[in-house]
1. Could we say that A:T231 is touching a residue at least 60 places away in the same chain (Cβ under 8 Å), in contact with an Asp or Glu (Cβ under 9 Å, 6 or more places away or on another chain) and buried (at least 23 other Cβ atoms within 10 Å of the Cβ) here?
2. It is to be established whether one or more residues within segment A:250-266 are assigned to a loop (DSSP other than H, G, I, E, B), closer than 19 Å to A:G332 by Cα and touching a Ser or Thr at 6+ places or on another chain (Cβ under 8 Å).
3. Could you check B:L31 against (1) under 30 Å from B:G309 (Cα atoms); (2) of a type in the set (A, V, I, L, M, F, W, C); (3) within 14 Å of chain A (Cβ to nearest Cβ) and say which number it fails?
4. Are there any helices (runs of 4 or more DSSP H) wholly within segment B:232-329 with 1 or more residues that are out of contact with any His (no Cβ under 7 Å at 6 or more places or on another chain), modelled with pLDDT of 90 or more and small (G, A, S), and if so which?
5. Pairs under 6 Å by beta carbon, first residue more than 10 Å from chain B (Cβ to nearest Cβ) in segment A:349-373, partner assigned to a loop (DSSP other than H, G, I, E, B) and open to solvent by 30 Å² or more (accessible area, probe 1.4 Å), six or more apart or different chains?
6. Need the failing condition index for A:L259 against (1) more than 14 Å from chain B (Cβ to nearest Cβ); (2) surrounded by 24 or more Cβ atoms within 10 Å (Cβ to Cβ); (3) under 28 Å from A:M289 (Cα atoms); (4) not acidic (D, E), just the number.
7. List every residue pair whose Cβ atoms sit under 6 Å apart, with the two residues 6 or more apart in sequence or on different chains, where the first one lies in segment A:254-266 and is among the hydroxyl-bearing types (S, T, Y) and the second, anywhere, is open to solvent by less than 70 Å² (accessible area, probe 1.4 Å).
8. Would you check if A:A144 is under 15 Å from A:T201 (Cα atoms) and either open to solvent by less than 10 Å² (accessible area, probe 1.4 Å) or not assigned by TED's automatic domain parsing to the domain that holds A:L359 (or both)?
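The values are calculated or read from the model by the stated rules, or taken from the named source; none is laboratory data. Remember, it's a predicted structure, so these values are computed and weren't measured experimentally. With ideal geometry, Cβ positions are generated from the backbone for all residues, glycine too; neighbour counts draw on all protein chains shown. These area figures cover heavy atoms from the full protein model, side chains too; ligands, DNA and RNA do not enter into them. Shrake-Rupley method; radii C 1.70, N 1.55, O 1.52, S 1.80 Å.
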Amino acid sequence: MTAAAVAVPATGEGLAARRALRDARIRGVAFAVLGVIAVYLATSSFAIPASFSLWIQQQGGDSAVLQTTVGTLWVVAAVGSAIVAALQLIRGAAFRWRPWLFVVIAPWLLALLANLLSGKPAILTNVIAGSLELATPIAMAALAGILSERSGMLNIALEGKMLIGAFTASVVSSLVYITTGNVLLATIVGVAAAMAAAGLTGLLLAWLGIRHKVDQIIAGTVINIGAIGITNFIFLRVLQHNTEFNSPPSVEPMRLPLLADLPVIGPILFSAKPYVYVGYILVIFLTYMIYRTRWGLRLRASGEKPAAAGTVGINVLAIRYRAIFFAGLISGLAGSYLSLATAGSFQMEMTAGKGFIGLAAMIFGAWHPIGAFFAALVFGFADAVQSLLSILGVGVAPQLLASVPYVVTIVVVAGVVGRVRGPASAGQPYEQG
Amino acid sequence: MNRLKAFLRRAAVPALSVVTALLVGAIVIVLTDFEALAKIGSDPARALFWVETVNGKTVISGALGGVVNAYGAMLSGAFGDPGRIITALQTGKERDIATAIRPLTETLVATMPLIFTGLAVAISFRAGMFNIGGGGQLMIGALGATITAIMLAGQVPSPVILIAALTVATLAGGFWGFIPGFLKARTGAHEVITTIMLNYIAALVVFFALRSPTLRAAGSTSPVSKNLSPIVDVPNIINLPNIRLDYGFVVALLMAVAVSWLLFRTTKGFELRASGFNLTAARYAGMSAGGSMMLAMALSGALAGMGGGFMVIGTVGQLTLDLSGSIGFTAIALALLAGLRPSGVVMAALLFGALTNGGKLMGVQSGIPFDLLVFIMALVIMFVAAPGLIRSIWRVKVAKPAPEIAAVTPTGAPTV
């Protein structure tokens with residue numbers, strides 16, 4: 001039939017290959033179906049205008065306007081889906097579809113957005129920049145998840161660690177600001193404290209899981225529930241009546257010199273809050289660390305085959321402790337973003353599932369930092385569109401829009417888009433001899 | 001005698017876990033009492049513990065005094081005042097008796113949904129499924145019951161509505177639990193993530209449903225449903241004014257018996273436990289592991305949903321956004337505390353029902369937020385799951401944890 005069908009070996013590891021081929025075909029058909037849906041949607045929407053504008057230099061300056069119709073955007077989405085479907089069906093299991101997904105998702109999301117706006121103009125720069133901002137904590141949570149799962153520890157507790165990070169950042173930053181009045185110092189100390197607190201929580205998780213062999217899921221649940229309990233308790237008992245302890249100076253956007261002056265791209269990528277830049281750096285840094293250093297190789301070995309790693313003299317447990325600690329630092333950073341850079345203060349249960357959505361981004365990105373970053377971007381986009389639509393008053397119930405990230409998370413975790421294999425030994429305790 | 005010994009050995013870890021968690025809770029109360037602690041340099045006695053008589057009333061203050069006040073309020077909120085109950089019973093005045101025994105019956109009222117959700121957690125954990133979506137399943141069940149009751153109001157007799165509402169609640173909750181079971185069995189999606197996501201979705205679905213004028217209380221700006229008690233009400237056990245305890249509690253106890261029978265006296269129950277204990281072995285023995293997962297999750301959700309149904313048409317009387325509150329978390333803590341035994345679930349639910357009910361009075365009387373209990377429950381789970389901690393804190397020899405707790409997640413389970 002196709003080249004891929006021939007490529008399947010008739011014997012031996014045939015089962016896995018057949019399964020991969022079947023998955024590939026399902027994927028190909030799914031992309032084709034998306035294309036057909038896009039064509040169907042296009043037929044009825046050529047009359048609706050779509051108008052997107054992009055700031056060229058900066059907010060409020062000159063803008064480039066893209067004038068088209070919703071139907072045209074759907075046609076573009078249909079063509080994109082058709083190309084990827086064809087590639088997938090022709091090349092079968094050997095097709096590296098993950099990067100190509102962008103060709104399907106990006107025009108689809110744009111067309112969907114135009115369809116929902118139904119004629120109202122939107123500023124695309126703000127939507128994309130907003131997606132980046134909203135994706136940052138999710139991407140950071142995903143990075144933390146990658147670090148710990150690559151080492152062989154499940155990390156259900158990201159949510160709780162982010163919550164503790166958000167809480168600590170707000171309180172410490174407020175206190176430092178009250179005593180010194182220095183905004184920069186307050187922010188830095190607040191973020192550092194958030195990272196330390198979440199890092200220590202991570203150590204507690206690792207200690208329960210490694211030393212006491214508590215099931216890693218239960219240990220994570222303990223931390224998630226405990227974090228909600230203790231932060232709500234202190235919020236209600238102390239912060240509610242002493243709001244000055246919960247009024248940190250907020251983190252403002254920062255234009256990167258030179259880069260921010262790039263036309264069109266500058267306002268999107270380089271005029272954001274510093275957290276976004278830290279996110280970029282972390283993604284690149286962790287990709288390098290995990291795939292290009294000895295430390296990364298040992299980390300991956302501990303997660304895939306700890307017994308083999310132990311045999312060649314790698315201290316698996318030490319690696320796991322350290323990985324969970326670093327994961328804690330990153331999730332604390334992500335948490336501090338929520339209280340310092342978005343809400344301006346700590347609110348009860350403000351993480352609202354972002355830690356779990358981060359785990360979904362990790363899975364969607366196949367445990368790779370760059371993949372996880374783009375997956376987080378999709379969730380960020382969903383959030384950004386949701387706030388845009390509610391500002392414009394588009395007639396979709398806010399509750400339904402708000403549930404989109406959660407539904408997408410379930411779909412992703414269920415591997416509907418494409419099953420991926422995680423680290424082989426994640427979640428299993430390791431007995432070091 | 002030996003059975004008693006075995007029971008005491010088994011009960012040592014759970015009992016010490018609760019005690020330790022409450023002690024840690026006390027430390028948290030002391031450490032967050034900044035107003036009292038600020039005086040520690042100038043007046044250590046007043047800062048820590050101070051008893052004085054103001055207007056003929058004994059007033060305890062100070063940071064440690066705050067603990068006494070808080071836990072004292074929790075106790076009297078949960079059990080009432082024994083002396084007052086006896087005097088009320090002697091006088092025989094209905095209103096006095098009702099006021100005196102109300103704390104006790106309210107504890108049972110708080111216990112009722114905890115038994116349902118605790119059994120739900122126990123049944124899923126036994127099958128190796130870590131269902132932490134009890135809260136969401138309860139909400140969906142409650143929503144189903146609410147919609148049924150309002151739709152059928154005035155068209156059929158009230159007992160029919162009662163049964164219909166409970167059936168819909170059970171089915172709706174079961175469906176909400178079946179989704180993660182199905183996803184786990186078919187795609188390997190980890191139930192912890194899917195159940196948590198379904199909790200958020202359930203809250204949004206209920207919020208969305210409560211926008212509809214059919215369900216929402218007339219003239220209300222906040223998302224609460226109409227009062228259901230004029231339409232349908234679960235009969236009360238004791239007919240006294242202001243006493244909400246109804247036959248939902250009895251059904252909860254019957255469910256504990258039913259779950260116990262199912263798990264330990266039937267083939268299906270054996271299969272459930274076998275796939276939770278060792279998935280590979282169960283598969284090898286020819287059992288359908290995927291079937292067990294789906295069944296366990298559906299039953300689990302059905303129990304939680306039934307609990308939600310009994311709340312809205314019985315004790316609470318209307319659907320609100322915070323109906324499930326901390327019940328989902330509490331259920332996990334108490335099911336683990338109970339060693340996943342149905343009889344233990346009932347006892348642990350009584351304990352946590354008392355804590356929950358007492359916690360409300362604690363919030364009102366001593367200003368200690370209810371969320372302290374959420375933190376304490378997390379600690380209880382931690383101590384029960386890590387008996388080594390209890391052993392080293394209390395320097396006692398304790399029984400090894402039941403194997404079924406050690407093996408909550410099946411070996412070779414797909415990664416998250």
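1. Numbers: touching a residue at least 60 places away in the same chain (Cβ under 8 Å): yes; in contact with an Asp or Glu (Cβ under 9 Å, 6 or more places away or on another chain): yes; buried (at least 23 other Cβ atoms within 10 Å of the Cβ): yes.
Against the criterion (touching a residue at least 60 places away in the same chain (Cβ under 8 Å), in contact with an Asp or Glu (Cβ under 9 Å, 6 or more places away or on another chain) and buried (at least 23 other Cβ atoms within 10 Å of the Cβ)), A:T231 qualifies.
2. yes
3. (1)
4. Numbers: elements: B:248-265, B:267-277, B:279-284, B:289-310.
Once the helices (runs of 4 or more DSSP H) in segment B:232-329 are filtered for at least 1 residues that are out of contact with any His (no Cβ under 7 Å at 6 or more places or on another chain), modelled with pLDDT of 90 or more and small (G, A, S), what remains is B:248-265, B:289-310.
5. Cβ pairs passing all conditions: A:A366/A:V420.
6. Only one criterion in (1) more than 14 Å from chain B (Cβ to nearest Cβ); (2) surrounded by 24 or more Cβ atoms within 10 Å (Cβ to Cβ); (3) under 28 Å from A:M289 (Cα atoms); (4) not acidic (D, E) is unmet by A:L259, namely (2).
7. none
8. Values: under 15 Å from A:T201 (Cα atoms): yes; either open to solvent by less than 10 Å² (accessible area, probe 1.4 Å) or not assigned by TED's automatic domain parsing to the domain that holds A:L359 (or both): yes.
Here the answer is yes, as A:A144 does meet what is asked.
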